[in-house]
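Beneath this line is the structure, given in structure tokens, with notes to follow.
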Amino acid sequence: MTNLGIRIVRGGAWLAGAELNVRLLTLVRTIVVARILVPSDLGILAMALIAISVLRMLTETGFEQALIQRTRVADRALHVAWTALIVRNAAITVVLFLTADLVGRFFEAPTLAAILRVLCVSVLLDGLTSIALVLFRKRLDFKKQFIYEISGQICEFVVVVVLVVVLRSVWALVIGRIAGSSVRLVVSYMIHPHRPRLLFDWKELRQLLGYGKWLTMSGVLVFLLLEGDDIFVGKLFGVAMLGYYRIAYSISNFPATGISRLLAMVMFPAYSSIQHDLPRVRHLYLRSLRLTALLTIPLSALIAVLADLFTQTVLGEKWLPIVPVLQILALFGVLRSLGGTTGAVFLALGRPDILTKIQLGQLIVFAATIYPFARVMGLVGVALAATLQALIFTVYAIWRTARLVDLEFHRVVPTLAGPMACTAGLFAIVHALRSTVLDAMAIPTLLLLGTIGSLGYVALISMWDRWKGGVYRGEITSLYRNLAGMPRN
């Protein structure tokens, strides 16, 4: 049992706890908000967040990744990075405040300007957050990260749920976001003793930017890939349709985004610490891909097969137009999670250029298909365009990663075959039961089908694993021993 293995599993356990709680709070909050507000309310907030994301993307520094990738991080580097981030967020705030009216006119949403100007407070607070949080990630010490993440989310959840019931307005979401940022700012200084100070050092700054230049470009591409469809939908179809699309996207990608973020945060520092030991990197990559496939493929399949029942029962009939979009984006979520396992490898091995080039290819395909698809099929076409580029470049990214770590590509296929085959069985079971189970009691029906589907998948993957020699059983045993600190036999 290696010390790295213990730190990966224990750190991952804390981070998984944080991610699970954050995702559940977000899901419940989304459901409550969707039941009370109308699609146009959510569309307005989405437009405001897009405007903020544009400026953040254009000024992405990559400082956190640069600090994690370094063998040793000096206080001076932390001071310089913190100072630069404050300047960056202050500049974003000024630009947002001055251009709020222009953004409102672009989206043809007059109330957007006021929302943007109030959200500037959240941007400033985020910039003041302690840079020392990056040290927890570097050491794979995610216990404090758990506290940081969950405190802000709980605050935002409580504020949003209470205010949305009282105000029945999008302003509940705006105030909740500021409250969450405020709590995270305070907690960031409570959980780490480091106190950053303002320091300008052009030599240190150039070194940080030298690593981050590819990440800056990557940030632009990621933004266009993940937010470009929102901009397109908001401009072409209007505020209400953007609200529909955002809800479909957030629910369909619920498992994918959580697991992808979790693995990226854990595996990047892990890969960085062993970047000169290619066999260990290769071994860890296969394990992360196996775990991602094992979890995200069946979860996304459940979302797809139960999309109509979930939407009508939980969100309400006004959201039924999102069902086909939600089903297609569930596949997009799977592809996104599988492709997401590769980015940490590229960054840790000092090849952020590969990641950037892949994202550029994704953007070209996406840009070429989104308009004609949308014109013919509406929101369904937008979802199909996103899924098409994800399919093409997920396969390529995995193949490129395999080459980088000297892994034969044919060894990757069995890693995905088991979860895919067993998920097909899950899909067939739940789909067959849909025609025999009455929908009179919709919520019990939804829970029953979800439970049966999950148990069916566990049974099928267990049989597959026994047939293949107990790979998953060995992985689970290893995870448990690392988590518990048990010695190997």
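A short reminder: the numbers here are calculations on the coordinates, not readings from a lab. Keep in mind the model is a prediction, meaning the values are calculated, not measured. Here the Cβ is made from the backbone with ideal geometry for all residues, glycine too, and neighbour counts use every protein chain on show.
Tabulated results
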item	result
Dipole moment magnitude, nearest 20 debye, the chain about Cα centre, only Lys, Arg, Asp, Glu C-beta charged	1300 debye
Farthest positive-ward along the chain dipole, Cα basis, beta-carbon charges - from Leu295, Thr394, Leu199	Leu199
Structure-based [θ]222 nm, the chain - -39500 (n - 2.57) summed over DSSP H runs of at least 4, per residue, nearest 500	-28500 deg cm²/dmol
Kirkwood Rh (inverse of mean 1/r, distinct Cα pairs), the stretch 253-489, angstrom	19.4 Å
Positive-end residue, the chain charge dipole about Cα centroid, Cβ charges, pick of Ala81, Thr129, Gly104	Ala81
Relative exposure of Leu299, Leu242, judged by other C-beta atoms within 10 Å (fewest first)	Leu299, Leu242
Per-peptide average of other Cβ atoms within 10 Å, ordering 34-40, 462-468 highest first	34-40, 462-468
Residue order, fewest to most surrounding Cβ atoms within 10 angstrom, among His192, His79, His431, His410	His410, His431, His192, His79
Estimated Rh, the chain: Kirkwood, alpha-carbon pairs, angstrom	23.7 Å
Alpha carbon centroid spacing (whole Å) that separates the stretch 100-143 from the stretch 228-261	18 Å
